[in-house]
Amino acid sequence: MTKERFKQLLKPIAEGLFGPQGTRRGPEMPHYVIRPVGMIVEDLCRIPEEDWAYYAFSREPLNGKFNDEQRLDLTRQAIACGREYAQKLADQYRMRDPEKLAKQLGLLVDFPDMPQNTERVLFAEFREPNKMHIYMDGVRKGRALLSEPGVPHALTGQLDIVKLLIGHELFHWVEERYKKEIWTRTYKIELWAPKPLHNRSSVAVLGEIAAMAFTKELNALPYSPYVMDAFLVYGYSPEAASGLYEEMMRLAGRTARLPEEDPPAALPEGETKGEPTA
Ligand SMILES: [Zn+2]
């Protein structure tokens with residue numbers, strides 16, 4: 001892989017982990033102050049699940065159709081939906097391990113190094129009707145970061161990156177199987193159409209939020225799996241991950257920290273250095 005190609009591939013990575021959700025693809029990535037990975041996960045793991053609402057919706061093409069109150073309300077419903085199906089499957093099959101559950105449900109999971117289609121770099125992918133790819137290059141890079149200072153404490157011994165990714169993709173299979181009744185698919189918004197036509201659309205991000213809640217529940221994680229967006233990107237680009245961290249913190253109503261060795265003069269205009277929010 002050439003250096004140029006690698007740079008190109010980082011752009012979509014920095015825009016979201018689990019799918020083609022980028023809506024703001026700029027020509028050049030701005031520069032960000034690089035934080036230690038331990039600081040990033042420590043702060044992001046403290047963000048409660050529903051406070052990820054605005055970050056999640058910022059990746060939604062129909063984001064502009066909603067106000068903040070609706071974004072928060074829909075996020076809560078999507079979380080409830082993901083949890084409900086995780087519980088339902090765990091009870092029905094008497095297992096919570098996402099990898100075993102996927103096998104039990106007839107999914108074919110494989111573990112290639114990288115996506116064959118190099119147009120976008122993903123960490124995992126569900127392909128209808130029953131295939132799932134977990135890309136091990138990103139997983140290995142993530143595992144290498146698990147021993148960095150502060151990371152084991154923040155992410156806890158509970159984290160198994162592969163099982164987390166399988167759990168997320170498994171929800172997309174669940175959505176297909178229950179598409180007539182599952183809330184993430186039955187919820188629609190009315191888009192403009194000339195009378196008397198109707199143009200009703202489902203909202204893709206609801207499936208993403210629910211998939212995160214689903215895998216959070218199966219893996220019994222105390223933090224939102226959205227943390228992995230920044231964590232796994234860090235394995236490829238600490239700078240892109242630091243940019244994501246800033247954006248995530250801002251959208252969750254928090255102040256991003258700067259590395260301790262950084263002088264206060266480097267603070268962006270209008271921002272104060274805050275203590276991490278509990
Ligand atoms: Zn997804």
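The values are calculated or read from the model by the stated rules, or taken from the named source; none is laboratory data. Model, not experiment: these values are computed from the prediction. Cβ atoms come from the backbone with ideal geometry, glycine included; neighbour counts cover every protein chain shown. Heads up: the accessible areas ignore ligands, DNA and RNA and are worked out on the full protein's heavy atoms, side chains in. Shrake-Rupley method; radii C 1.70, N 1.55, O 1.52, S 1.80 Å.
Explain nothing, just the number: dipole magnitude of the range 88-153 about its Cα centre with +1 on each Lys and Arg Cβ and -1 on each Asp and Glu Cβ, in debye rounded to the nearest 20.
Around 240 debye, computed over the range 88-153.
Over the range 130-210, what is the relative contact order in percent, taking alpha-carbon pairs closer than 8 angstrom and at least six residues apart?
Numbers: 51 pairs, mean separation 16.8, N = 81.
Reported relative contact order: 21 percent.
Using θ = phi - 60° and the Karplus relation 6.51 cos²θ - 1.76 cosθ + 1.60, list the HN-Hα couplings for the range 231-248 in order, rounded to whole Hz, with x at every Gly or Pro.
Rounded to whole hertz, the list is 4, 6, 5, 4, x, 9, 8, x, 6, 4, 5, 5, x, 4, 4, 4, 5, 4.
Please report the equivalent ellipsoid semi-axes of the range 76-199, computed as sqrt(5 x eigenvalue) of the Cα gyration tensor, largest first, in whole Å.
30, 19, 17
For a quick check: with amide H placed at 1.01 Å from N, whose amide H comes under 5 Å from ALA124's, ignoring anything fewer than 5 positions away on the same chain?
The answer is TYR135.
So which GluC sites (Glu not before Pro) in the range 114-190 end up in coil per DSSP with only 11 or fewer other C-beta atoms within 10 Å?
GLU119, GLU181
For the range 37-186, calculate the relative contact order in percent as a whole number, restricting contacts to Cα pairs under 8 Å that are 6 or more residues apart.
Normalised by residue count, the contact order of the range 37-186 is 27 percent.
In what order, largest first, do ASP97, ASP73 sit by accessible area if the probe radius is 1.4 Å? Mind showing how you got there, number by number?
Working: ASP97 40, ASP73 75 Å².
Reading off the accessible areas and sorting them downward yields ASP73, ASP97.
Mind listing the phi-derived Karplus ³J(HN,Hα) values for the range 86-103, rounded to whole Hz, using 6.51, -1.76 and 1.60 with θ = phi - 60°, and x for any glycine or proline?
Whole-Hz 3J(HN,Hα) from phi for the range 86-103: 4, 5, 4, 5, 4, 5, 5, 9, 6, 7, 10, 5, x, 5, 5, 4, 4, 5.
May I ask for log10 I(q)/I(0) of the range 156-213 at q = 0.14 Å⁻¹, from a Debye sum over the Cα atoms as equal point scatterers with solvent left out?
-0.50
Could you give the nm distance between label points at ASN117 and GLU260, where each point is 7 Å from its Cα heading toward the beta carbon?
4.6 nm
From the phi angles alone, apply the Karplus equation (6.51, -1.76, 1.60; θ = phi - 60°) to the range 51-68 and give each ³J(HN,Hα) in whole Hz, x where the residue is Gly or Pro.
Working through the residues one at a time gives 6, 7, 3, 6, 5, 4, 5, 5, 9, 9, x, 8, 3, x, 7, 10, 9, 4 Hz.
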